[in-house]
Amino acid sequence: MAAPAFLLILAFLITPFFMAFGFSFTNQRLISPNPAEFVGTRNFERMLGLGFLTLDPVVDDNGELVRDDNGDPTYPRLRRFTRRNPDYPHLDRMREWFSIDLAEDRRFYVLARDVIFMKALRNTVVFVLVVAPVQATLALMLALLINVPLKGINVYRTIFFMPVVISMVVVAMLWRFIYDGQNGILNTLIGFFSVGFMEPVDWLGNPETALPAIMAMSIWQGVGFHMIIWLAGLQTIPNELYEAARIEGANRWQLFRYITWPGLRNTAILVMVIITMQAFTLYPQIEVMTRGGPVDSTQSLVFQMVVRGYEKQDISGGSAISVFLFLFVLSISLFQRFITREKKR
């Protein structure tokens, strides 16, 4: 009876995983008359290649700094160092990822062979670091609020859970209208409560607000699911423990600290692992709302994997990203498991 399910898992999960692992070491294209060739780790080297360069500003014949129209020091063009420069062969064909001014007379550059991938990696990590703890905390707070034997409490549980049953694509489309830079609901409310003093914000068109806007929407959409998990954990804690603690004079904070939170230990591990894995698969929000923009500020690993594998027909590059993402998430999951393990006394 398990054979049909196992065959489906084998056909659509296990086999594609090993195919992606194999393609990541080739130059496989989606549609190409040329046969695929084994290229070793070239895809990973191009994807993860980093370089570092420190430059001094340009000076004139008198030794004075050459400044631009804003009065800032000017620096040599990076192309002099990253295009067939025999003195810097390791920087060949790299591009600037970001730079840091160490002092007025020196600038430190971080270069990358694949700047888009690095931006996607950074955005994905930031998304996980923000969404995972915030969503888990809000879900726990909601679970504590609805874990009371009141009449009609199931109505509130249903309301909080409703966004989970709606497709993420539909949610993303609705929130795209909410975030509209001109006539969006959010800007309308801000203008109403500020009596017109605050100008409309193009939430998805501004590199500084696009990713936080997607974070807020993602937290809202998924908090109900994790609320149910927290609620299930809360209902496994015996009421006798709370009654005994109240008799001893424990207050609300002491009840939570010494009874509720220790009783939710295994639930907390499950919630954090699930949220972390879901956050790393950031894709439909990006596809519907921003397509990775503006200025690559909302690129994600899964979005880049799909774009390269299908839109650019670079199956090997997309496969390399999928293998990297698998190993990255696996490492984080193992680390979470290690720090939350049951310690022997």
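The values are calculated or read from the model by the stated rules, or taken from the named source; none is laboratory data. Note that the coordinates shown come from a computational prediction; the quantities given were computed from them, not determined experimentally. Cβ atoms come from the backbone with ideal geometry, glycine included; neighbour counts cover every protein chain shown.
The table below gives the values:
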read-out	value
Single residue of the stretch 185-212 satisfying the filter (without any contact (Cβ under 8 Å) to a residue 40 or more places away in the chain and buried (at least 20 other Cβ atoms within 10 Å of the Cβ)) that is farthest from Val128 (Cα to Cα)	Asn187
Some residue of the stretch 218-227 being closer than 18 Å to Ala143 by Cα, out of contact with any His (no Cβ under 9 Å at 6 or more places or on another chain), of a type in the set (Val, Ile, Thr) and loosely packed, with under 15 Cβ neighbours inside 10 Å	no
Residue among Ile269, Ile228 that is in a helix (DSSP H, G or I), touching a residue at least 24 places away in the same chain (Cβ under 8 Å) and more than 19 Å from Asn147 (Cα to Cα)	Ile269
Yes/no for Ile237 being assigned by TED's automatic domain parsing to the domain that holds Gln135, closer than 29 Å to Leu264 by Cβ and outside any loop (DSSP other than H, G, I, E, B)	no
The one condition in (1) at pLDDT below 95; (2) outside any helix (DSSP H, G or I); (3) of a type outside the set (A, V, I, L, M) that Gly309 fails to fulfil	(2)
Cβ pairs under 8 Å, 6+ apart, first in the stretch 120-136 and assigned by TED's automatic domain parsing to the domain that holds Val164 and without any contact (Cβ under 8 Å) to a residue 24 or more places away in the chain, second surrounded by fewer than 22 Cβ atoms within 10 Å (Cβ to Cβ) and in a helix (DSSP H, G or I)	none
Only one of Phe338, Phe326 that is of a type in the set (Phe, Trp, Tyr), more than 30 Å from Leu174 (Cα to Cα), without any contact (Cβ under 8 Å) to a residue 12 or more places away in the chain and loosely packed, with under 15 Cβ neighbours inside 10 Å	Phe338
